[in-house]
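Structure record follows, encoded as structure tokens.
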Amino acid sequence: MRLFLVLALMAAGVIPAACAAPQGALLAVDDKTLDQTRAVAGKLVTQLGGRLKAEMMANGPTAAVEVCRQAAPEIAASLSKEYGWKVGRVGTRVRNPGNNPIAWQQAALEEFARQAAQGKKLDDLEFWKVVQEGGKPTLVYAKAISVQPMCLTCHGGPDSIPDKVKARLKADYPDDRAVGYSVGELRGAVVIARPL
């Protein structure tokens, strides 16, 4: 009955169809489902961050560019296969065109930017809603990613990116737009689409 009421209110425009946390709970997504989804988003961030830090310490920032280029998609693909979901990353400004946000992901990024402008901490922000995908209800989820100090070596302004890294980025990503960030700025999001 509650789901019917929520759907009726959404159809009438009383409740928006896309909700960010905590209102997203109105869309009949239970805590267990959200916790599982958050855990997978956390795995992507933890695994990629660990590989980046290890490569930076062992071989420097130029070698770390390769980790992002190869390891990030590999980790996302591995998690997608393990869980049967679509797991990935999108950016506010992209380096890899494969990380361009689609409509719901762009809406999540815009919501994160709006909330950050109101003083909310990016690391706490998430977005979810239930959509129909292939005729089935699907939870789409995004977790904000903020720029950390380590990120500036490859994503900062011209003065913070070493010349060797600039050269590597230019060779690997001739249309790179993922630079000019500051610490604490919204970099993008981990995104997940999981059938319910």
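The values are calculated or read from the model by the stated rules, or taken from the named source; none is laboratory data. It should be emphasised that the depicted structure is a prediction, and the values quoted were computed from it without experimental measurement. With ideal geometry, Cβ positions are generated from the backbone for all residues, glycine too; neighbour counts draw on all protein chains shown.
Given the options GLN148, GLN105, GLN132, GLN118, name the one that is of a type in the set (S, T, N, Q) and crowded, with 18+ Cβ neighbours inside 10 Å. Full working, then the answer.
Working: GLN148 fails: crowded, with 18+ Cβ neighbours inside 10 Å; GLN132 fails: crowded, with 18+ Cβ neighbours inside 10 Å; GLN118 fails: crowded, with 18+ Cβ neighbours inside 10 Å.
When all the criteria are applied, what remains is GLN105.
Would you check if ARG95 is under 23 Å from ILE161 (Cα atoms), part of a helix (DSSP H, G or I), modelled with pLDDT under 95 and out of contact with any Pro (no Cβ under 9 Å at 6 or more places or on another chain)?
Values: under 23 Å from ILE161 (Cα atoms): yes; part of a helix (DSSP H, G or I): no; modelled with pLDDT under 95: yes; out of contact with any Pro (no Cβ under 9 Å at 6 or more places or on another chain): yes.
So ARG95 fails the test.
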Filtered residues of the stretch 135-149 (kept if over 17 Å from VAL191 (Cα atoms) and either touching a residue at least 60 places away in the same chain (Cβ under 8 Å) or in contact with a Lys or Arg (Cβ under 8 Å, 6 or more places away or on another chain) (or both)): LYS136
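Can you tell me which residue within the stretch 176-196, out of those that are among the charged types (D, E, K, R) and under 30 Å from GLN132 (Cα atoms), is surrounded by the fewest Cβ atoms within 10 Å (Cβ to Cβ)?
Step one: of the stretch 176-196, the residues among the charged types (D, E, K, R) are 176-177, 185, 187, 194.
After this cut, where a residue has to be under 30 Å from GLN132 (Cα atoms) as well, the list is 187, 194.
Working: ARG187: 21, ARG194: 19.
Restricting to residues being among the charged types (D, E, K, R) and under 30 Å from GLN132 (Cα atoms), the top hit is ARG194.
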Sole exception among (1) touching a Lys or Arg at 6+ places or on another chain (Cβ under 9 Å); (2) loosely packed, with under 14 Cβ neighbours inside 10 Å for TYR173, by number: (2)
Scan of the stretch 98-133 for residues that are of a type outside the set (Phe, Trp, Tyr), part of a strand (DSSP E or B) and closer than 27 Å to ARG69 by Cβ, ordered by number: GLU126
Residue list for the stretch 131-150, restricted to those being modelled with pLDDT of 90 or more, of a type outside the set (Gly, Ala, Ser) and under 30 Å from GLY180 (Cβ atoms): VAL140, TYR141, LYS143, ILE145, VAL147, GLN148, PRO149
Unique match (being in contact with a Leu (Cβ under 6 Å, 6 or more places away or on another chain), assigned to a helix (DSSP H, G or I) and closer than 30 Å to PRO162 by Cα) among ALA64, ALA54: ALA64
Test: residue in the stretch 71-82 that is modelled with pLDDT of 55 or more, among the small types (Gly, Ala, Ser) and closer than 19 Å to MET150 by Cβ: yes
Residues of the stretch 146-186 that turn out to be of a type in the set (Gly, Ala, Ser) and in a strand (DSSP E or B), as a count: 1
Test: residue in the stretch 84-97 that is under 13 Å from GLY188 (Cα atoms), of a type in the set (Ser, Thr, Tyr) and touching a residue at least 12 places away in the same chain (Cβ under 8 Å): yes
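Mind telling me which of the residues ARG89, ARG69 ends up being under 19 Å from ASP175 (Cβ atoms), basic (Lys, Arg) and either assigned to a helix (DSSP H, G or I) or more than 16 Å from the chain's Cα centre (by Cα) (or both)? Steps first, please.
Numbers: ARG89 fails: either assigned to a helix (DSSP H, G or I) or more than 16 Å from the chain's Cα centre (by Cα) (or both).
Every option except ARG69 fails the conditions.
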